[in-house]
Each structure stands twice: as C-alpha cells, then as structure tokens.
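Below is one structure, written out as structure tokens; comments come after it.
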Amino acid sequence: MMERAESGQKLYTRMRLWEFPDQYVVEPTDGSSGSSLAINRADGSMNLIDEVPECTSLRVPKIRSIFGIAGMLKLVAGSYLIVITERECVGSYLGHPMYKVASLNILPCDHSLNNSSAEQKKVETEFSRLLKVAERTCGLYFSYDTNLTLSAQRLNDLGDESKLLPLWRQAEPRFLWNNYMLEVLIDNKLDPFLLPIIQGSFHNFQTAIGRDIVDVTLIARRCTRRNGTRMWRRGSDSDGYVANFVETEQIVQMNGFTASFVQVRGSIPLLWEQIVDLTYKPKFEIVRPEEAPRVVERHFLDLRKKYGSVLAFDLINKHGGEGRLCEKFANAMQHVISDDVRYLHFDFHQVCGHVHFERLSILYEKIEDFLEKNGYLLLNEKGEKMKEQLGVVRTNCIDCLDRTNVTQSMIARRMLEIQLRRIGIFGAEETITSHPNFDESYKILWANHGDDISIQYSGTPALKGDFVRCGRRTMQGIVKDGWNALSRYYLNNFCDGTKQDAIDLLQGHYIVSVSREVAPPSQKGGLEAIASFPLALSLVVTGLFFATLSLRQVKYDFRHLFFSLMWAGISVALAAFVRANGRIFCNRPRLHKPRS
C-alpha cells in the first residue's frame, strides 16, 4: 500500500498521460514534486513511481495532457480509468477558480479479457458500451481549491481541522458525483489525484449599481442518491431519497459582504412511478401507498437535519392524474407538519394558467413570514457571520423543472432585493427591475440555470423559460415549449433507458461483479428485432399522408373516399398496435440487480 498523502496536500491541476502498451502513467506537470501514478492495463492495479519509464521502439507511448482523474470503475473482467481531457474555466466560486468538464475520456484496463470466456467478453462489451454513453455526461464542475459540494454557510461552519483535510474528505457525499468512482483511488491513498466533481449548474455575472460592483452567482448541486432521467426515476425510495433533488444556492458579493440563499427542489417523496408506454403522459402509479407516511417522515427528517426548518411547496394540479398524487402527498404531510415543517399547496396551472405567471405574487404573500424568520447567510468584510439561514424552501411540481424553476426564480429575486437593501445597495422601495441591465442579466442567469437542470433530467431545456428569461410569455417561447415537449417524449421513451443504465453504473447503484451471475441481453427476434420508434412513426405518418391526399381528391372521384378511410384505418390500427405494445419499442434499462 502507498503512503498516505499529507493532510491538506494540494490537488494536481495539470498532468501528462503516458499511454504505454502495458500501463498508463499519470505524471503531474503543474510544478508539483509528487510521484507519478502507474496503472496496470491488465488488471487496473495502481502504484506510485518516481520516474516515467523509458520509451523504446517496442514501447512507444501516446502522450496527452489531462486535468484530473474522475475515478475508476470495475466491470466483469476489466477496469476503466475515467479522466478529464478538456476543461473550461467558467468563473470563480467564493474567490476560487471554477471549471467545467468539457470532455471526459474512459480508458480501458481490460487486457485480462484475453483470458476471459466468450460469455464474459460479450457481457463486458455490453457494459463498456454504457461507459461510452457516460462519456457524454453533461453539467460536471470542479475546483482544485475549494469544496463545491458545500454551500457558503456550511463552508463557513467548517472547523479549522476539517479545513485542513483533503477536499474529498470534506465533501458532502450527496452531491459528490464521482463518489463511487473515487473508491479505488481512496483505497490506494492517492489524495493529490482525488478530484471531487459535482453535477449541476454554475452561472454568474457582474453588474454596476452606481459605483458599487455586484457579483451574483447561481450554483446547483444534484443529489446522487436517486439520480437519473425523467421517466425512469420518479418519487422516492424507501429511505426517503427523492429523484431530481437539487440544492440551488444564490450568492451575492459586494463591498466585501457575502450573502447566500439556498433553496431545494425534489420529486414528491412518495413511492410512485410512471412506466413509459408510448403514451404522451403515462399514468401515475402509487406503489405501496401504506408506506407513504413513513417515507415522507424520513425525507423531511433528513431535510430538517441538514437545513433546519422546511417549507414544502407543492405546485401540482389538484385534478386528474396529478390530483391523486397531490391528495396522497397532502395526507402524508399531516403526519410530519410541526413548528419546523410547513406544507403549502399552490395549484400553479389553475392560478397562473399558461401566461399569467405574475400571479405568483399571491404565493409569495403566503410565505413571506417564513422567509423573514429563516433568512439567509450574511458575512461581513472579515468573514464574520452577521446572519444565518435557519430554514429552507422545498419546491416541487411533477418533474421539478418548469413550474419549479419559475417559482424558485421569483423567490430568489425577492430574497436578493432584501439582501441588497440590508447591505445598503438598494433603497427601501428599490427593486431589481429598477436597473434594466441588472434585471436582464438576472433573468438570463435563472433561465440558463433552469435549462441546465432540465437537460440533465429530461434531455431538453426547461419549458416556460421565456417567462424567466423575458419576464413574460411569448409566442416564440410557446412554440419552443411545444417542440421541447415532443423531444422529451421521444427521449424519455427511446433513449433514456440506456442513459439510466449508464448513470446507475457510474453511481454504483448497480455493481458488476465477476462472481455475480450477469444475465446478458435477451436475443430478440421477429418484430421486436426490427421495431423502432422512427420506423413506427414513419409508417403512421405515411398512412396519414396518403389518407389526406386521397381525401383531397374526393371531390373529383368518390372512390377516393374509400381509400381515405382505408389509409386512415391503417394508421389508426398501427398507432393502436404501437400503443398496446409500447414496451417493445421503448428503450428499457437492462440492469436489474441493484446495489444492496
């Protein structure tokens, strides 16, 4: 075993990757005097070496720069090293440079496959294809100098001893995207190589108000406990961890002051699901409804431990399929409502419709007392805490994307105005809209934030983004929402199953073991072997096209009426068949044995 790196040792910020035929060597090139890391390409074993091996005519390496190691995964017979090959500096977080992962590369250490059985090679190939999907993971951020998994308040509360620990040991596991992938490096005590990464969003801007420069940052941290895609991860698990849980922190800095305000979003904490079946909106299925009170209690107990008081907003409809969820959630909340937990339902669509989002002011009036009481973090020029946030607003709709983002942006705007008045930048009646440049930059900030979170969960930018971006609904925005809604339908039904498999593999929700019996994908025959959504859609559209063409000719020849009815009947029958056999066409996850 290697010697442990000294506490507080800096992370390597730039490295050279030597790809030899038998090993990878990662050499620090940022001026550090540390040892290089050698990884065996046969079994993935690691050791530190003082010098890079000599190159010979038989051992000619490929050389390139990398900017961090995201971790390593073990599959059936091989290990895979995940490295950052491109980065982009996107700003600073509390004074420290912030980077976005521009490109990931997964390097195989799978030479041992040469001695594996044909069945193992086949299964390994299937899993390694998922890693190719994982290479396209978006919204990954990191810093070499500070812990991005912690909010400004939690960073401020860290003790002196904790601040000396390596960043991965300070990290909040919920928001550490590569938590599972770092385990091998942690076991080998490779602290300088252990780079914590979050998934989420990061945007900031500066604006001038008089002679004062105001710096506004918006950062989102996605939770990994129930990470996934829109239709494949819904509701909660039995431990109270919910899908699409995101912590959003708005930070404003000016004249030496730092103010922070945290909100969270997350799926309705019940055991529920929507099974993709080619319908536009699959039915909501509540699983084990008798467990609802216990699951809700666990979820809010966890929130209280981490954030203090909680105000839960439910923005879903009171009628239809959403109404069943709404009623079940409201009933379960009666068991946890207390002085520290409040619940408020606000039927977003009924009150605001599709264009009148300014009516959210009605909602703000209902929660203003909670925000005043629980406040925000405020640090003075010396970094001393003048005020702290004592509670959090938890917002949900069905996806926790569109309605949620509009609502969170409204709350954050009001809170920012309160903070600026407290510091003396704004007068008593002054608002963000009083400063057009500030207002425009702020709207874009939140619109980009909403798009990022939506893309990671649903595959498309957020709906209703034109209101966040422009302050009103526009015809262009409504048309764009229609296109994005259709894109979500396609992605959720035909792409996200494989994407969910890749996420589960990276997050350790599914662990591949050599000793585990892994069932290879079933062989498909007949219709299932050739069926696909594009084929089915093209056949339906073709049928409708000929039906329309024949119908237009009816006035010239009555026989065309017969052909119109025939083509329309074929289209309807095919559409009904596709609907009834939706699971044939859907892209389903193959991973069926979750991590225990």
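Tally Lys/Arg at +1 and Asp/Glu at -1 over every other residue whose Cβ is under 11 Å from the Cβ of residue 87; what's the total?
Around residue 87, the surrounding residues sum to 0.
In terms of Cα to Cα distance under 19 Å, which lysines are near enough to residue 443, apart from those fewer than 8 places away along the same chain?
464, 480
Run through every distinct alpha carbon pair of region 353-415 and return the Kirkwood hydrodynamic radius in angstroms, one decimal place.
Every distinct Cα pair counted, the radius reaches 13.4 Å.
Give me the percent of Cα-Cα pairs in region 252-374 that sit more than 21 Å apart, rounded to a whole number.
Within region 252-374, distances greater than 21 Å cover 51 percent of Cα pairs.
DSSP loop (so not H, G, I, E, B), at most 12 other Cβ within 10 Å: list which trypsin sites (Lys or Arg not before Pro) in region 365-435 pass both filters.
For trypsin sites (Lys or Arg not before Pro) across region 365-435 that sit outside H, G, I, E and B with at most 12 neighbouring Cβ atoms in 10 Å, the list reads 382.
If each of residue 430 and residue 33 carries a label point 7 Å out from its Cα toward its Cβ, how far apart are those two points in nm?
If labels sit at residue 430 and residue 33, their model points lie 5.2 nm apart.
At 7 Å along the Cα-to-beta-carbon direction for both residue 347 and residue 368, put a label point, then send me their distance in nm to one decimal.
With each label placed 7 Å out from Cα toward Cβ, I get 2.5 nm.
Holding the Cα-Cα limit at 23 Å, pick out from 74/132; 306/382; 283/306; 328/373 the pairs that are longer than that.
Beyond 23 Å: 306/382; 283/306; 328/373.
Among 427-438, 172-183, what's the highest-first ranking by average C-beta atoms within 10 angstrom per residue?
172-183, 427-438
Within region 1-144, what whole-number % of the accessible surface is contributed by carbon and sulfur, with the 1.4 Å probe and all protein chains included in the calculation?
Carbon plus sulfur share of accessible area: 46 percent.
Rounded to a whole number, what % of the accessible area of region 205-332 do carbon and sulfur atoms account for, probe 1.4 Å?
Of the solvent-accessible surface of region 205-332, carbon and sulfur hold 46 percent.
Over region 188-337, what number does the Rg to Rh ratio reach, with both radii from the alpha-carbon atoms and Rh per Kirkwood?
1.07
State the Cα centre-to-centre distance between region 79-148 and region 273-341 in whole Å.
34 Å
Enter the accessible area per residue of region 238-386 (Å², integer; probe 1.4 Å; all protein chains in place).
Accessible area per residue, region 238-386: 44 Å².
Explain nothing, just the number: relative contact order of region 303-386, from Cα pairs under 8 Å at least 6 residues apart, as a whole percent.
28 percent
How much accessible surface does residue 158 have with a 1.4 Å probe, in Å² rounded to 10?
Answer for residue 158: close to 40 Å² accessible.
Before anything else, pin down the relative contact order of region 157-272: Cα pairs under 8 Å, at least 6 apart, normalised by residue count, whole percent.
With pairs under 8 Å counted, the relative contact order is 19 percent.
Which whole-number value in Å² is the accessible area per residue of region 1-102, probe 1.4 Å?
I get 49 Å² per residue for region 1-102.
Where Lys and Arg each count +1 and Asp and Glu each count -1, what net charge lies around residue 337 among other residues with Cβ under 14 Å from its Cβ?
-1
Taking residue 499 as the anchor, which aspartates and glutamates have their alpha carbon closer than 18 Å to its alpha carbon, excluding any fewer than eight residues away along the same chain?
By straight Cα distance, residue 499 reaches 124, 126, 135, 273, 277, 399, 452.
Net charge near residue 103, counting Lys/Arg +1 and Asp/Glu -1 over other residues with Cβ under 12 Å of its Cβ?
Charge balance near residue 103 sits at +1.
Kindly sort 301, 190 by accessible area of their heavy atoms, largest first, with the probe set to 1.4 Å.
301, 190
Rounded to the nearest Å, what's the spacing between the alpha carbon centres of region 154-189 and region 228-246? Just the number, please.
So the separation of the two Cα centres works out to 24 Å.
Enumerate by residue number the trypsin sites (Lys or Arg not before Pro) in region 251-303 meeting two conditions: DSSP loop (anything except H, G, I, E, B), and at most 16 other Cβ atoms within 10 Å of the site's Cβ.
283
For residue 10, which lysines qualify as cross-link partners when the Cα separation must be under 16 Å and same-chain residues fewer than eight apart are set aside?
Excluding near neighbours in sequence, the set is 163, 189.
On the Cα set of region 302-414, report Rg and Dmax in Å, please.
Calculated on Cα positions, Rg and Dmax stand at 15.4, 54 Å.
The values are calculated or read from the model by the stated rules, or taken from the named source; none is laboratory data. Everything numeric in this text was worked out from a predicted model, so none of it was measured. Please note: Cβ atoms are built from the backbone with ideal geometry, for glycine as well, and neighbour counts cover all protein chains shown. Side chains included, ligands, DNA and RNA excluded: accessible areas come from the protein's heavy atoms. Shrake-Rupley method; radii C 1.70, N 1.55, O 1.52, S 1.80 Å.
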